[in-house]
1. P(r) for segment 152-232: what percent of alpha-carbon pairs falls in each 10 Å bin, starting at zero?
2. Can you give me the Kirkwood hydrodynamic radius for the chain, using every pair of distinct Cα atoms, in Å to one decimal?
3. From the P(r) of segment 135-286, could you give the percentage of C-alpha pairs in the tail past 20 Å?
4. Which whole-number percent gives the relative contact order of segment 135-239, counting Cα pairs below 8 Å spaced six or more residues apart?
5. Counting DSSP beta bridges with both partners in the chain, what percentage is antiparallel, nearest 5?
6. About the Cα centre, and with charges only on the beta carbon of Lys, Arg (+1) and Asp, Glu (-1), how big is the dipole of the chain? Nearest 20 debye, please.
7. Suppose the chain between residue 22 and residue 236 were pulled fully straight at 0.36 nm per residue; how much longer would it get relative to their current alpha carbon spacing?
8. Between segment 86-109 and segment 54-76, how many Å separate their Cα centres?
Amino acid sequence: MSGEALPSALVHELVLRALREDLAHQDVTTDALFDRSVSARATVVSEEPDDLILAGLDVALRVFAEVDSHLVSRAQYTDGDRVPPHANLLTVQGDGRSVLKAERVALNFLQRLTGIATLTAKFCEAVKGTPVRILDTRKTTPGLRALEKWAVRLGGGQNHRFGLGEGVLIKDNHLALADGDVAGACRRARERAPHGFRIEVETRTLEDVRQALHGKADIILLDNMIPAMIRDAVDVIKGRALVEVSGGVSLANIREIASAGPDYISIGALTHSAPAANLSLDLVKQ
């Protein structure tokens, strides 16, 4: 999937915040060892045995530029590219002291976001040939939601709500405060939510599904249902609402879940449990 640019102002803000966190008291080790410039060349390398979907490369480049505008960085790929095992991703030339100060922050962004994009791509590949679309959730790292949801898109997934104001989703705890009245909650949301908002409601039983239909929900979320129960729910719904499945989804079972007939499968693990890509920065004195 081709790269999609992030807003420059957002990247700038997040990079500065991360650098302030890491360099709040300077780099005492580097400053103690080197009192003058050391010409060096750094290469960021994938240590993974499998392909990666690259995400966060432009963010990493911004980190190096913010630390030292004289560093010369060259990327071998662009965000959204599929890169082979053990590929060289980018090079940085200039003062080695500056590279050392930027290294961890740059890698943190690149490893985290590439991990999300790569895991998303694996889930999308697992449902290839079906009409199911893979969605993320709001289970993101505080402050990094825009970056992480962007990485999901690079991996081929789609974004669910960015925030609470972007759609009505009646979940189990809403229903707990509404005395479990699924149909009533849907009707009340329809009456009071902004015009044009689709009404989605979480269900856990087939009776919940029937109540959601009585409440005229636009999307019915089947939470933690096994594939056989998902099929039964899809049969009950009969196209009268879109069907989303969530909970208990893994690479091992997603194909079976997709074959049960939902329109969407939402996966919190895309952002809250994606393993960071194994990348390293190799630095040599010139």
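Only the coordinates and a few stated rules stand behind these numbers; no lab work does. These numbers come from a predicted model, not from an experiment. Here the Cβ positions follow ideal geometry from the backbone for every residue, glycine too, while neighbour counts run over all protein chains shown.
1. It works out to 18, 46, 29, 7, 0, in whole percents.
2. Details: mean 1/r = 0.0477 Å⁻¹.
Result for the chain stands at 20.9 Å.
3. Details: 6175 of 11476 pairs.
Every Cα pair in segment 135-286 considered, those over 20 Å come to 54 percent.
4. Numbers: 120 pairs, mean separation 21.5, N = 105.
Averaging sequence separation for qualifying contacts and normalising by length gives 20 percent for segment 135-239.
5. Details: 20 of 39 bridges.
Here the antiparallel bridges make up roughly 50 percent for the chain.
6. 560
7. Numbers: separation 214, 0.36 × 214 = 77.04 nm, distance 5.40 nm.
Extra length available between residue 22 and residue 236 comes to 71.6 nm.
8. Spelled out, the Cα-based centre of one part sits 8 Å from the other.
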